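To start, the structure itself, in structure tokens.
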Amino acid sequence: MTIRLLAPDVSAKIAAGEVIERPASVAKELLENAIDAGASEISLEIAQGGRALIRIIDNGCGIAPDEAVTAFARHATSKLCSADDLYRIQTLGFRGEALASIASVSQLTMLTRTASEPLGTLLRYEGGELVRHEPSGCAVGTSITVENLFYNMPARLRFLRSDTTEAGHIARLIMSYALAFPDKRLTLINNGRQTLATLGTGQLYDALTSVYGLETAEQTMPIEAEVGADVHLSGYIGYPSLQRANRADLIFFVNRRWVTDSALSFAVIEAYRTLLPNGRYPLAVLMIDLPPDDVDVNIHPTKREVRFRRGRELFGIVQRTVRANLMSLHSLPAVETIEAPVPTFGSPRRSQSVWSTPAETVSQPEDAPRVPQPQWQELADAAGRLPMLRVLGQLAQTFIIAEGPGGLYLIDQHAAAERIRYEELRERHTTQLLTQELLDPLPLTFSASQIALLEGHLEELAEFGIELEPFGADSMLVRRIPVHMLHQELQPALLEMLDEAERQGSSFSWQEQALITLSCHTAVRAGSLLSLDEMRALVRQLELTDLPHSCPHGRPTMVHLSQAQLEREFARR
Ligand code: ADP
Ligand code: MG
């Protein structure tokens with residue numbers, strides 16, 4: 001075989017293949033260029049999922065007539081001068097590949113003008129070949145129209161998904177950039193219809209509202225943390241009531257570059273542990289600013305993945321900050337205190353406010369983006385304290401029916417009792433955990449791997465009132481259990497813990513899981529008849545918990561039907 005150099009048009013297409021996978025890649029590169037050019041207004045128009053047309057118009061610095069053609073040469077960039085610059089990249093682009101690549105796989109027209117030139121430049125490329133080059137009148141800034149993407153690469157064209165899917169990728173891209181650059185006015189027009197427009201006020205909250213709608217934005221809170229001299233974390237995180245079916249709304253920007261990073265996602269998901277049910281994900285938009293030499297952005301052709309120099313430290317910071325903010329939702333200043341004695345179910349940890357003023361509820365860092373002032377009622381629903389509830393009765397021996405200023409509440413008695421038990425046990429830890437020694441030690445059988453797991457953690461389990469002892473090859477002997485636990489529940493409880501241990505692997509905490517399992521198995525069950533007093537006590541105690549809206553497994557403790565909803569149901573409005 002003879003070794004030959006590839007013809008330039010072939011190598012151009014190969015390189016384009018790495019950067020330009022689909023219409024959204026074109027949109028991303030052009031959008032990044034417009035941002036790098038300092039534009040304050042950027043409009044993106046697409047047709048047929050971007051296959052037929054992608055047009056981006058910006059009011060940035062434009063390109064001088066004598067540089068316009070150079071911009072399309074491979075490795076032509078105004079953003080890097082030396083190899084050293086690669087380690088302190090401040091712009092989104094830096095490889096000088098995008099325009100060359102896009103021009104080689106489409107029909108591209110550029111109109112561009114700088115403020116100092118009376119006339120702009122028009123360029124047209126077809127399959128990488130310059131077919132038109134002339135002066136042309138136009139506004140200051142740049143407009144690039146990409147038509148018939150991949151028209152000369154039928155194989156790539158066949159790999160594209162439906163127009164809706166491709167348009168969806170582009171919409172998500174614009175949404176994310178709108179959040180990273182709230183100071184820019186971004187618009188997206190899809191098949192002639194405007195589908196997104198941000199105001200460019202510079203407030204992240206406004207961008208969040210344009211992107212997700214007011215209802216969702218209202219269920220988020222700002223977070224901000226300064227770590228050391230050089231790490232800055234900011235953004236918005238959703239209340240636990242805002243649940244997503246996948247990770248798509250975990251959005252990260254590192255030095256304003258949109259990145260995907262599974263470790264960062266994991267750090268956020270971990271911070272919501274016990275607040276969301278399994279298989280549900282939070283919404284979080286986080287901006288992480290680090291010194292440019294702490295992050296390598298040059299490891300992936302599309303620049304979507306980055307590498308952190310101090311990754312572990314960073315993930316720890318993210319997890320702790322998010323967690324601390326979620327917890328702060330619930331420690332509110334007292335405005336009015338419950339004085340009524342609380343009957344059974346143990347004693348309340350402290351007297352606490354039931355009412356709170358909304359402004360105090362979300363702790364706002366100084367200079368934080370403007371926070372909406374939701375009605376206290378919505379806020380209570382979304383995440384915070386429960387309002388004072390009046391118990392009306394019990395339904396199916398499972399749900400407590402209650403009335404509050406916000407309408408009707410149905411409380412799952414078991415989930416509520418679990419949340420109460422969980423926080424009680426966590427607070428007092430295990431010092432007051434009552435246990436009973438079994439007169440007839442109970443043998444339980446397990447698989448070999450389960451035995452091995454259990455044997456490694458006998459001490460932690462004993463701390464939580466479960467005393468086990470190896471007994472033959474496939475059994476454990478139970479010597480002691482917590483007082484409220486029924487014998488027949490021990491096996492399922494232990495199996496539940498083992499399942500979780502296997503599922504979560506190294507991030508598993510025996511203590512956390514023991515708490516969850518114990519609170520589940522020692523709490524009032526569904527199907528128990530409760531007296532009015534018992535229900536009142538349960539509701540009062542739920543009001544005192546830190547996180548009254550979910551049980552430790554993350555399931556909701558209650559559903560709320562607002563007065564307005566009820567009125568709508570009865571056609572009163
Ligand atoms: P890179 O962004 O990596 O520098 P590109 O191929 O995307 O490479 O762009 C090449 C050059 O063209 C950029 O460095 C910039 O100088 C110029 N350029 C591209 N798009 C624009 C734009 N919208 N406004 C002004 N200049 C632009
Ligand atoms: Mg670029």
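The values are calculated or read from the model by the stated rules, or taken from the named source; none is laboratory data. As the structure is a computational prediction, the values presented were derived from the model and not from experiment. Virtual Cβ from ideal backbone geometry, glycine too; neighbours counted across all protein chains shown.
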Suppose we filter 500, 427, 459 for residues that are surrounded by 15 or more Cβ atoms within 10 Å (Cβ to Cβ), in a helix (DSSP H, G or I) and of a type in the set (D, E, K, R); which single one remains? 500
Please go through the range 153-200 and give me each residue that is touching a residue at least 12 places away in the same chain (Cβ under 8 Å) and polar (S, T, N, Q), ordered by number. 162, 164, 165, 176, 187, 190, 191, 195, 198
Failed criterion for residue 515 (all others in (1) modelled with pLDDT of 85 or more; (2) touching a helix residue (DSSP H, G or I) at 6+ places or on another chain (Cβ under 7 Å); (3) not acidic (Asp, Glu) hold): (1)
Could you please find all residues in the range 180-190 being assigned to a loop (DSSP other than H, G, I, E, B) and either at pLDDT below 95 or under 20 Å from residue 284 (Cα atoms) (or both)? 181, 182, 183
Identify, by number, the condition in (1) buried (at least 20 other Cβ atoms within 10 Å of the Cβ); (2) in contact with a helix residue (DSSP H, G or I) (Cβ under 8 Å, 6 or more places away or on another chain) that residue 549 doesn't meet. (2)
Looking only at residues that are closer than 18 Å to residue 23 by Cβ and away from ligand 2 (no atom under 16 Å from the Cβ) in the range 96-124, which one is surrounded by the most Cβ atoms within 10 Å (Cβ to Cβ)? 109
Pairs with Cβ under 8 Å, 6+ apart, first in the range 29-56 and closer than 13 Å to residue 102 by Cβ, second aromatic (Phe, Trp, Tyr) and surrounded by 24 or more Cβ atoms within 10 Å (Cβ to Cβ): 31/177
Of the conditions (1) under 14 Å from residue 25 (Cβ atoms); (2) over 41 Å from the mean Cα position of the chain (by Cα), residue 156 satisfies every one except a single condition; which number is it? (2)
Would you mind stating whether residue 523 is under 17 Å from residue 459 (Cα atoms) and not aromatic (Phe, Trp, Tyr)? no
Kindly indicate whether any position in the range 504-526 is within 30 Å of residue 406 (Cα to Cα), under 33 Å from the mean Cα position of the chain (by Cα), among the charged types (D, E, K, R) and outside any loop (DSSP other than H, G, I, E, B). no
What's the number of the condition residue 44 fails, among (1) of a type outside the set (Ser, Thr, Tyr); (2) at pLDDT 95 or above; (3) within 12 Å of ligand 2 (Cβ to nearest atom)? (3)
Number of the exception - residue 468 against (1) among the hydrophobic types (A, V, I, L, M, F, W, C); (2) over 25 Å from residue 240 (Cβ atoms); (3) assigned to a loop (DSSP other than H, G, I, E, B); (4) in contact with a Lys or Arg (Cβ under 9 Å, 6 or more places away or on another chain): (3)
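Yes/no per residue for (1) in the same structural domain as residue 107 (by TED's automatic domain parsing); (2) part of a strand (DSSP E or B); (3) touching a strand residue (DSSP E or B) at 6+ places or on another chain (Cβ under 8 Å):
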{"residue": "123", "(1), (2), (3)": "yes, yes, yes"}
{"residue": "132", "(1), (2), (3)": "yes, yes, yes"}
{"residue": "138", "(1), (2), (3)": "yes, no, yes"}
{"residue": "144", "(1), (2), (3)": "yes, yes, yes"}
{"residue": "152", "(1), (2), (3)": "yes, no, no"}
{"residue": "155", "(1), (2), (3)": "yes, no, no"}
{"residue": "158", "(1), (2), (3)": "yes, no, no"}
{"residue": "161", "(1), (2), (3)": "yes, no, no"}
{"residue": "164", "(1), (2), (3)": "yes, no, no"}
Qualifying positions in the range 185-209 - buried (at least 21 other Cβ atoms within 10 Å of the Cβ) and farther than 23 Å from residue 254 by Cβ: 188, 190
Mind checking which residues of the range 191-208 are in contact with a strand residue (DSSP E or B) (Cβ under 6 Å, 6 or more places away or on another chain) and part of a loop (DSSP other than H, G, I, E, B)? 191, 198, 200
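For the range 47-71, give me each residue that is of a type in the set (Gly, Ala, Ser), within 14 Å of ligand 2 (Cβ to nearest atom) and modelled with pLDDT of 95 or more.
60
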Do you know which of the residues in the range 34-75 that are surrounded by 24 or more Cβ atoms within 10 Å (Cβ to Cβ) and within 23 Å of residue 150 (Cα to Cα) is farthest from ligand 1 (Cβ to nearest atom)? 49
Might you check whether a residue that is surrounded by 18 or more Cβ atoms within 10 Å (Cβ to Cβ), touching a Phe, Trp or Tyr at 6+ places or on another chain (Cβ under 8 Å) and under 21 Å from residue 485 (Cβ atoms) occurs anywhere in the range 556-571? no
